[in-house]
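Student: Okay, handing you the structure first.
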Amino acid sequence: MDGSIPPKTEKGTGAADAPFYLAQSDEREVFRAAADNNLPILLKGPTGCGKTRFVAHMAAQLERPLYTVACHDDLAASDLIGRYLLKGGETIWVDGPLTRAVREGAICYLDEVVEARKDVTVVLHPLTDDRRILPIDRTGEELEAAPGFMLVASYNPGYQSILKTLKPSTRQRFISVEFDFPAPDVEIRVVAAESGLPIDRVKPLVRLAGKLRDLKGQDLEEGVSTRLVVYAATLIAQGMNVDRAIRAAMIEPLTDDEDIKRGLLDLVAAVFG
Ligand SMILES: Nc1ncnc2c1ncn2[C@@H]1O[C@H](COP(=O)(O)OP(=O)(O)O)[C@@H](O)[C@H]1O
Ligand SMILES: [Mg+2]
């Protein structure tokens, strides 16, 4: 990464046009309480269950700018903090997304934080205790977080990897909220709202999703995400044949194993049969 790509930011646009988000439980109240008390928050849950949407929604509700960083295994502390760049023969310091959020009093959302390199967690520690400071070694600055700054991180505890877990010393610095796929009545409303497919046609898709999720740990590593159910419903709403849409959006993404696939298609036949 050369640092020249601007991070994805969304200005807090106010509650009125907050992205659509249907609560699973009391997560909005917990997030608000964390925000009011300067506490960092960790969102745990499987991929595609609504964590990122939730953060976008809350940032708009709280009218705070949001800096989202999708973490990956090459992401280093300097990608978050900033670096010196050469511009027209001059070396200038360019803030990274975390530094900007600290200066502006924004929300910084580290999506899939366990993916990031180890030096990233070290940077987060002084920001997550009551000092709320960000030391920038390269410039010698020590920034105090502006009011409104909030650190939000997410991770998927389902990926059982010894290398990729969050150390207790890091984890115990965050308020944690557990996410799961929404309960069927919530998921039906989410999928209908996102896809435009009528509720009655969404219901069997959500029922199928439930059955596919029951296979997690046996035939499937991960259950089908709400995101994929939304995709299936979107294809159907656009006129695609139901079987084809389900195969493309809810079966093929789950496995490459032909035997398992056949088993999953039997399940589809049973639900829609
Ligand atoms: N509770 C919810 N309210 C609104 N949309 C949701 C909800 N849960 C899931 N979605 C839908 O699922 C998609 C994937 O959610 P996302 O937030 O990207 O998942 P995650 O960050 O957990 O991987 C969203 O784009 C949205 O369409
Ligand atoms: Mg996400």
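The values are calculated or read from the model by the stated rules, or taken from the named source; none is laboratory data. On a predicted model such as this, the values are computed, not experimentally measured, just so you know. Using ideal geometry, Cβ is built from the backbone for each residue, glycine included, and neighbour counts are taken over all protein chains shown. Note: accessible area is taken over every heavy atom of the protein model, side chains too, but ligands, DNA and RNA are not part of it. Shrake-Rupley method; radii C 1.70, N 1.55, O 1.52, S 1.80 Å.
Student: Tell me the mean residue ellipticity at 222 nm calculated for the chain from its helices only (DSSP H runs of n ≥ 4, each -39500 (n - 2.57), averaged over every residue, nearest 500).
Tutor: Calculated from helices alone, the mean residue ellipticity at 222 nm is -12000 deg cm²/dmol.
Student: Considering only protein heavy atoms and a 1.4 Å probe, what is the carbon-and-sulfur percentage of the accessible area of segment 163-244?
Tutor: 49
Student: Give me a comma-separated list of calculated 3J(HN,Hα) values for segment 170-185, in order, Karplus coefficients 6.51, -1.76, 1.60 applied at θ = phi - 60°, integers in Hz, x for any Gly or Pro.
Tutor: Rounded to whole hertz, the list is 8, 4, 7, 9, 10, 5, 10, 10, 8, 10, 9, 5, x, 4, x, 5.
Student: Using a Gaussian network for the chain with springs between C-alpha atoms less than 10 Å apart, which of these wobbles most: Thr47, Thr139, Thr255?
Tutor: Thr139
Student: Per-residue accessible area for Ser169 at 1.4 Å probe radius, Å² rounded to 10?
Tutor: About 60 Å², ignoring ligands and nucleic acids.
Student: Which shape class applies to segment 175-273: rounded if a/c is under 1.5, otherwise prolate when a/b exceeds b/c and oblate if not, where a ≥ b ≥ c are the square roots of the Cα gyration tensor eigenvalues?
Tutor: oblate
Student: So how much accessible area does Arg247 have, in Å² to the nearest 10, using a 1.4 Å probe?
Tutor: Probe radius 1.4 Å; accessible area of Arg247 about 90 Å².
Student: Could you order Glu194, Glu222 by accessible surface area, starting with the largest, using a probe radius of 1.4 Å?
Tutor: From most exposed to least exposed: Glu194, Glu222.
Student: What whole-number distance in Å separates the alpha-carbon centres of segment 204-273 and segment 52-110?
Tutor: Here the two parts' Cα centres lie 36 Å apart.
Student: Ok, one more. At a 1.4 Å probe radius, which order do His125, His72, His57 fall into by accessible area, largest first?
Tutor: His72, His125, His57
Student: Right, here's the next one. In a shell of Cβ-Cβ distance under 14 Å around Asp256, excluding Asp256 itself, what net charge do Lys and Arg (+1) and Asp and Glu (-1) give?
Tutor: Local charge sum for Asp256: -4.
Student: Could you put Ile41, Ile92 in order of accessible surface area, largest first, with the 1.4 Å probe and the full protein assembly present?
Tutor: Ile92, Ile41
Student: Just the number, please: percent antiparallel of the DSSP beta bridges in the chain, rounded to the nearest 5.
Tutor: Bridges in the chain that DSSP calls antiparallel: roughly 40 percent.
Student: Expressed as a rounded percentage, what relative contact order does segment 132-273 have, with Cα pairs under 8 Å and six or more residues apart?
Tutor: 17
Student: Just for segment 26-178, what percent of DSSP beta bridges are antiparallel, to the closest 5?
Tutor: Approximately 35 percent, going by the DSSP bridge assignments.
Student: Just how much of Phe181 is accessible, in Å², when a 1.4 Å probe is used and the result is rounded to the nearest 10?
Tutor: About 40 Å², rounded to the nearest 10.
Student: Using a 10 angstrom cutoff on alpha carbons, build the Gaussian network for the chain and name the most mobile of Val224, Val177, Val122.
Tutor: Val122
Student: Run the numbers on the chain and let me know its relative contact order in percent, using alpha-carbon pairs under 8 Å that are six or more apart.
Tutor: It comes to 20 percent, rounded to a whole number.
Student: With a 1.4 Å probe and every protein chain left in place, work out the accessible area per residue of the chain in Å², rounded to a whole number.
Tutor: Accessible area per residue, the chain: 51 Å².
Student: Quick check: net charge around Ser78, other residues with Cβ under 9 Å of its Cβ, Lys/Arg +1 and Asp/Glu -1?
Tutor: 0
Student: Then there's this: Could you tell me which of the pairs Lys44/Lys167; Lys211/Lys261; Lys118/Lys216 are separated by over 20 angstrom between their Cα atoms in the structure shown?
Tutor: Exceeds cut-off: Lys118/Lys216.
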